[in-house]
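First comes the structure, then the notes that go with it.
Please treat every number below as a calculation from the coordinates, not as lab data. Quick caveat, the model's predicted, so the values are computed rather than measured. Cβ sites come from the backbone with ideal geometry, for glycine too, and all protein chains shown count toward neighbours.
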Amino acid sequence: MAKNLTMAGISTVPRLREMGADQAYAAMLKTGLRPHFIMYYVLHMALQGRPWNDCKGAEKAQLRERFDAICGTEHDPDQAAFERQMDILGLREKIKGRTP
């Protein structure tokens, strides 16, 4: 997850805490990350200092609704596929000045 956060421009814990889990996850999706619910709620649990598997019941259902809403507005499957192809070719790193 650290790589995904860094790709989204989130390189420090204070910045992550400032943004919060929803905004940080949305930023990761904009980089072409494929949505993954467990990654989303693990981020929430981590920012609360809780074990990743502590999310259950109504809380998990509420997070699922928020996850679906974020994915509905922030995830572009066509862009994600394009970004994956650019990564395979090694082009995105060159364009953005990243090293593989």
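Placing pseudo-labels 7 Å out from each Cα toward the beta carbon at Arg15 and Met39 gives an inter-label distance of 1.8 nm. Modelled spin-label separation between Asn53 and Gln23, with each label point placed 7 Å from Cα along the Cα-to-Cβ direction: 3.3 nm.
Among residues other than Lys60 with Cβ under 14 Å from its Cβ, the summed charge is 0 (Lys and Arg +1, Asp and Glu -1).
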